Amino acid sequence: MRMKTQFFTASSLDGFIATDEDSLDWLITREHFPDGVLNYRDFIADVGAIVMGSTTYEWVLNSGEPWDYTMPCWVLTSRESLPLPAGDANVTFSNAGIRQVHADMVDAAQGRNIWVVGGGDVAGQFADAGVLDELIVSFAPVTLGSGKPLLPRHVELRLEECGQNGEFLCARYSVVR
Ligand SMILES: NC(=O)c1ccc[n+]([C@@H]2O[C@H](COP(=O)([O-])OP(=O)(O)OC[C@H]3O[C@@H](n4cnc5c(N)ncnc54)[C@H](OP(=O)(O)O)[C@@H]3O)[C@@H](O)[C@H]2O)c1
């Protein structure tokens with residue numbers, strides 16, 4: 001199967017992936033089965049490269065959890081550099097532009113998928129560049145009222161698959177071009 005560029009994330013029902021203060025407390029304690037519908041384990045098994053904005057990267061770094069991504073990671077930032085994770089993580093800081101970053105990721109992924117980790121505007125930039133293929137969202141049963149948006153663009157989608165995993169409504173959409 002052809003490799004895909006996928007935005008895989010979790011969201012509140014009203015379309016926010018973090019609070020205004022970048023908190024995920026509303027998300028991380030909820031029931032989600034590792035072998036359920038559209039689970040992370042099956043998803044990550046096919047991923048060959050990942051990309052995230054610097055806010056998401058700093059959240060991961062400051063979470064206290066070890067860096068557990070074995071594949072190369074691009075971090076979008078206008079800054080010269082940011083702290084690196086402990087260990088031998090393969091992290092590239094870039095402001096090269098989405099098309100160039102995507103081309104470099106396709107080379108690195110060697111036929112496997114590309115995961116756009118977030119945030120929502122980064123996923124939007126990949127959609128703007130015409131290289132986003134899929135959106136996979138686990139919707140938590142909560143509304144936040146405000147926060148960091150899921151995908152702040154007009155992007156037409158086709159529902160390909162959906163189901164319940166624990167507390168989550170999970171859906172996979174293809175991007176209609
Ligand atoms: N619910 C979930 O599953 C989930 C998933 C992912 C993330 N999150 C959370 O959602 C929040 C995302 O926050 P966010 O959307 O505000 O931020 P973000 O996308 O993670 O990072 C935005 C920052 O990345 C840099 N950047 C973005 N595009 C760039 C480009 N093309 N070239 C160069 N630099 C670029 C800019 O920072 P600088 O240039 O200043 O470095 C920008 O301010 C975080 O709290 C994260 O932890 C949640």
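Structure notes:
- Length gained on full extension, Glu167 to Asp128: 10.9 nm, using 0.36 nm per residue less the C-alpha separation.
- Computed E for Ile44/Leu157 - FRET, C-beta separation, R0 25 angstrom, nearest 0.05: 0.70
- Centroid-to-centroid separation of region 23-40 and region 112-177 [C-alpha atoms, Å]: 15 Å
- Multiplying the residue separation of Arg177 and Asn90 by 0.36 nm and subtracting their alpha-carbon distance yields 28.1 nm.
- Label positions at Glu80 and Arg112, each projected 7 Å from the Cα along the C-beta direction, are separated by 3.3 nm.
- Within the chain, percent of DSSP bridges classed antiparallel, to nearest 5: 40 percent
- Added length on full extension, which subtracts the Cα-Cα distance from 0.36 nm per residue, Ser63 to Arg2: 18.6 nm
- Dipole-positive endmost among Leu150, Leu132, Leu169 within region 116-177 (Cβ charges, Cα centre): Leu150
- Surface share of carbon and sulfur [accessible, 1.4 angstrom probe, percent] for the chain: 50 percent
- Longest segment of the chain lacking GluC sites (Glu not before Pro) that sit in a DSSP loop with at most 11 other Cβ atoms within 10 Å: 81-155
- Cα gyration tensor category, rounded, prolate or oblate, for the chain with a/c compared to 1.5: rounded
- Taking the chain and dividing mean pair separation by its residue count, relative contact order in percent (alpha carbons under 8 Å, at least six apart): 37 percent
The values are calculated or read from the model by the stated rules, or taken from the named source; none is laboratory data. Owing to the predicted nature of the structure, the values given are computational and were not obtained by experimental measurement. All Cβ positions, glycine included, derive from the backbone under ideal geometry; neighbour counts span all protein chains shown. Surface accessibility is based on the protein's heavy atoms, side chains included, excluding ligands, DNA and RNA. Shrake-Rupley method; radii C 1.70, N 1.55, O 1.52, S 1.80 Å.
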